[in-house]
Structures are given as C-alpha cells and as structure tokens.
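**Q** Got a structure for you, questions after.
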Amino acid sequence: MREKEAKFVQISPDAARKPLFGLDAVGLEKVIAEAGEPAWRGKQLAEALYRQRVGGLDGITTFPKTLREKLAAEFEVGRPQIAQVFTSVDGTERYLVETPKGDTVETVWMPEGDGGETGDGTDADESDRTWHRATICVSSQVGCAVNCQFCLTAKLGLQRNLTAGEIAGQVVAVLDRQRVEIGRDRVNLVFMGMGEPFLNYDSFMGAVKLLVEEVGLSPQRMTVSTSGIVPGIERFAAEPDAVRPKLAISLNAPNDKVRSEVMPINRKWPIEAVMDAVRGVRLRTKERVTFEYVLLGGVTDREQDAHEVARLVRRTGLAAKVNLIAWNPGPGVPFEMPREGAVEHFKKTLAAEGISAYLRRPRGRDIYAACGQLKRTVEG
Ligand code: SAH
Ligand code: SF4
C-alpha cells in the first residue's frame with residue numbers, strides 16, 4: 001500500500017505540470033524571468049509555441065538543453081492535440097481535439113479548394129495543395145448552456161469553459177496539421193463551433209489576442225457568432241479594432257414570438273435589446289454585421305418570414321447582411337429541413353427587398369461537421 005502511494009506521489013507532479021501554451025508574451029516573460037533567464041528568451045519561447053508550433057519542450061531548438069530540462073520540471077507545452085479525424089466527401093475535416101485536461105472538443109477545417117484546376121500558373125510550392133483558402137471553425141466551450149431548440153450541441157448542456165490556450169490551441173493544432181504558412185495562405189476563423197463565446201468572454205478574447213498578436217492572424221479574417229448575449233456584445237463593442245473580430249448574430253427568427261420559442265435566451269435578451277447592443281459596435285469601413293438565419297422547415301422558412309426579416313433588418317439601421325443556413329438535422333432534434341426551393345426563395349425575397357443575403361453551403365454534413373451538429377459524435 002505504502003509503495004503504491006509513493007509511486008503515486010512520484011507521478012503526480014508530472015501530471016500537474018502547467019501548460020505554457022495559452023500564456024501571452026508577458027506571461028511567458030515572467031516564466032523565463034523566474035527561471036533566471038534574460039527576457040529575450042521569452043520571445044524565443046513565444047516564437048516556438050505560436051509560430052513554429054512545437055508540440056513539446058524538446059522541440060524548442062533555440063533553447064539549451066539545460067533550460068528545456070529546467071522548464072520541464074514545472075511546465076509542459078500543453079497544447080490541445082488532434083485525437084481523431086473525420087473526413088467528409090467535400091474535403092471538410094472534423095477533429096476531435098483533446099485538451100490537456102483529457103476531455104475533447106470539436107474543430108472543423110473547411111477548405112475551399114479548386115481541385116488544383118486554377119489554370120493560373122500556381123506556384124510550384126503550392127502544387128500539392130488542394131486548397132487556396134480555408135476556414136477553421138473553433139469551439140469556445142465544451143457543450144453549451146444556451147439551449148437553442150434546433151441545435152445538437154445544446155443537448156450536451158454546458159460541461160465547462162475552455163481556457164484561452166485551449167481555444168487558440170485548436171487553431172494552432174489545425175494550422176500545424178495543414179502546414180499553413182501565415183502570410184502566404186488565406187485562412188479565416190469562425191468562432192462558431194461548440195459553445196457560446198460571449199458566455200466565456202475572457203477566454204474567448206484572450207484567445208483572439210494570442211491569435212492576433214502571437215500567431216499573426218488578422219482579426220478582420222475572424223468572425224465571432226453569438227446567440228445574443230447582451231452584456232457580451234457590450235464588452236465586445238469596447239474592444240479596440242486591432243483585436244476585434246467581425247460580429248455575427250444568430251437571429252434565426254423573424255420576430256420575438258418565434259425567436260423565444262426556438263431560442264429561449266430571447267426571453268432574457270429580446271431582439272431589440274440585442275440590436276441596441278450591436279449598434280454600439282463601431283464598424284470598420286466596409287464592415288457589416290452578419291445575421292445568421294437558420295431555416296427550419298415550416299417554422300421560419302416561409303415567404304412572409306422573409307418579408308418580416310427584411311423589415312427587421314432594415315429597422316436596425318445597421319450595415320448588415322444575412323447568412324441563410326438550411327437547418328442541419330440531428331438525432332432527437334424535433335425540426336424539419338426546409339422544403340425544396342424554400343432557401344433559394346427566401347434569399348430571393350430578401351434580395352428583392354434590398355437585403356444582401358448569402359446561402360451557407362452545408363459543409364461536412366456526412367460527418368456531423370455542419371452547423372449545429374457538433375456533439376463530439378464519434379461515428380464517422
Ligand atoms: N453559440 C454561437 C455560435 C455557435 S452556433 C451561436 O449560437 O451563435 C453557430 C451557428 O450555427 C449559429 O448561427 C446557430 O444558429 C447555427 N445552428 C445551430 N444549430 C444548427 C443546425 N442544426 N443547423 C443549422 N445551423 C445551426
Ligand atoms: Fe449554443 Fe449556439 Fe447551439 Fe444555441 S446555437 S445551443 S448558443 S451552440
């Protein structure tokens with residue numbers, strides 16, 4: 001018995017090593033200062049974690065072995081790892097990403113490939129690529145507490161908030177897998193995976209800052225989607241342009257009555273309260289707010305709904321566009337897909353009213369990677 005306990009004590013300090021991934025420049029410099037090293041080593045550490053994407057301390061080749069060993073006594077890289085990959089016929093990949101704590105979240109890679117048929121004399125070093133632009137869909141929580149009636153993630157409930165490192169780590173793990181070169185490749189981020197980013201605000205914004213300041217991605221290539229958490233939108237409105245992503249609001253219904261039925265959160269923050277908060281965001285030149293609108297068959301997909309949405313959007317006075325998403329089915333979610341042609345008709349009706357509307361193609365539906373389907377499904 002005693003021997004067992006002794007063994008346990010030996011293992012536990014190792015298991016409790018603190019993750020470096022997730023610390024910003026100031027945090028890393030502090031670690032370095034405590035190790036008795038000069039501040040420039042902090043910059044090397046940030047470079048290794050966020051630019052070279054090292055998976056372990058051994059990979060930090062700019063550090064002498066003694067320093068790596070010194071750090072290893074207390075720290076680990078601790079970046080989330082891709083544990084399982086599901087590949088769709090359309091090229092989308094859904095990842096189960098394991099956090100250092102041992103639970104998993106989902107991240108999706110959506111290449112907008114051209115099948116190599118550019119015909120534009122693509123650079124030789126890109127010849128093995130099937131994509132030239134891609135979008136990564138990032139999770140902000142394990143599960144979600146918001147309980148939208150049409151969403152599969154809601155079925156999980158909220159299990160926990162992710163840390164800034166766990167959110168940014170999903171992105172870095174995918175950039176690494178896809179060998180993305182920052183500056184050369186065009187990668188967009190959407191914070192539209194599992195969870196409600198504005199109910200985990202500090203970690204979400206912490207991740208954005210790491211991705212902008214350390215990884216080198218532009219906030220103008222990032223979009224965060226919220227179900228309409230007013231205090232979160234108000235905080236977001238106060239963020240400086242240098243780190244503020246674009247904003248998308250999950251509208252999903254033409255009026256408060258229907259919205260409260262499909263998104264119970266609407267009873268707390270109804271449409272007008274959300275719009276008031278959104279009007280506080282100072283948009284950049286040419287920037288528009290996106291309203292996401294999930295079409296639920298027979299519930300929100302009728303022509304009269306489109307007219308109502310157009311009036312609603314006009315009334316906000318915001319520079320806005322509408323992204324239409326045909327509802328993606330999931331087991332145990334009691335809705336129907338929109339009828340044949342309904343989405344196209346909805347889009348045309350909005351356009352005729354002068355509202356720009358776009359159709360979001362369902363990506364990776366066959367592998368449960370599409371909007372609202374993220375529930376850590378392990379079947380391919
Ligand atoms: N929690 C945030 C972001 C994640 S959800 C939010 O709700 O905005 C991302 C988008 O997927 C939202 O616009 C949501 O309305 C939509 N969505 C959820 N379930 C869906 C489903 N089953 N089919 C299609 N879209 C869905
Ligand atoms: Fe949560 Fe968004 Fe799903 Fe609503 S749609 S339950 S806010 S993840």
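Okay, residues lined up against (1) within 14 Å of ligand 2 (Cβ to nearest atom); (2) out of contact with any strand residue (DSSP E or B) (no Cβ under 9 Å at 6 or more places or on another chain):
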position: Val262; (1), (2): yes, no
position: Ile265; (1), (2): yes, yes
position: Trp269; (1), (2): yes, yes
position: Met275; (1), (2): no, no
position: Arg279; (1), (2): no, yes
position: Leu283; (1), (2): no, no
position: Glu292; (1), (2): yes, no
position: Val322; (1), (2): no, no
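**Q** Report the residue count in the range 152-166 for those that are at pLDDT 95 or above, within 16 Å of ligand 2 (Cβ to nearest atom) and surrounded by 22 or more Cβ atoms within 10 Å (Cβ to Cβ).
**A** Going through the range 152-166 one residue at a time, the tally reaches 1.
**Q** Okay, next question. Check Ala352, Ala326 and return the single one that is hydrophobic (A, V, I, L, M, F, W, C) and surrounded by fewer than 20 Cβ atoms within 10 Å (Cβ to Cβ).
**A** From the options Ala352, Ala326, the qualifying one is Ala352.
**Q** Can you find even one residue in the range 307-319 that is within 16 Å of ligand 2 (Cβ to nearest atom) and within 28 Å of Val243 (Cα to Cα)?
**A** no
**Q** When Ala238 is evaluated against the numbered criteria (1) more than 16 Å from ligand 1 (Cβ to nearest atom); (2) among the small types (Gly, Ala, Ser); (3) within 22 Å of Val97 (Cα to Cα), which criterion, by number, is the only one it fails?
**A** (3)
Conditions (1) within 18 Å of Val322 (Cα to Cα); (2) among the charged types (D, E, K, R), marked per residue:
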residue	(1), (2)
Glu261	no, yes
Ile265	no, no
Pro270	no, no
Arg279	yes, yes
Lys286	yes, yes
Glu292	yes, yes
Thr300	yes, no
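**Q** Counting only residues that are of a type outside the set (A, V, I, L, M) and within 14 Å of ligand 1 (Cβ to nearest atom), how many does the range 316-345 have?
**A** So the first thing to find is which residues in the range 316-345 are of a type outside the set (A, V, I, L, M), and the list is 316-317, 321, 323, 327-332, 334-336, 338-341, 344-345.
Next, from what is left, pick out any that are within 14 Å of ligand 1 (Cβ to nearest atom): 321, 323, 327-332, 334-336, 338.
Of the residues in the range 316-345, 12 are of a type outside the set (A, V, I, L, M) and within 14 Å of ligand 1 (Cβ to nearest atom).
**Q** Name the residue, out of Glu336, Glu303, that is in contact with a Gly (Cβ under 6 Å, 6 or more places away or on another chain), open to solvent by 80 Å² or more (accessible area, probe 1.4 Å) and away from ligand 2 (no atom under 16 Å from the Cβ).
**A** Exactly one residue qualifies, and that residue is Glu336.
**Q** From the list Val294, Val243, exactly one residue is away from ligand 1 (no atom under 14 Å from the Cβ), among the β-branched types (Val, Ile, Thr) and modelled with pLDDT of 95 or more. Which is it?
**A** None of the others qualify; the one that does is Val243.
**Q** Find the residue count for the range 167-186, including only residues that are open to solvent by less than 10 Å² (accessible area, probe 1.4 Å) and away from ligand 1 (no atom under 16 Å from the Cβ).
**A** 7
The values are calculated or read from the model by the stated rules, or taken from the named source; none is laboratory data. Everything numeric in this text was worked out from a predicted model, so none of it was measured. Every residue, glycine as well, gets a Cβ built from its backbone with ideal geometry; the counts of neighbours run over all protein chains shown. Heavy atoms of the whole protein, side chains included, go into the accessibility calculation; ligands, DNA and RNA do not. Shrake-Rupley method; radii C 1.70, N 1.55, O 1.52, S 1.80 Å.
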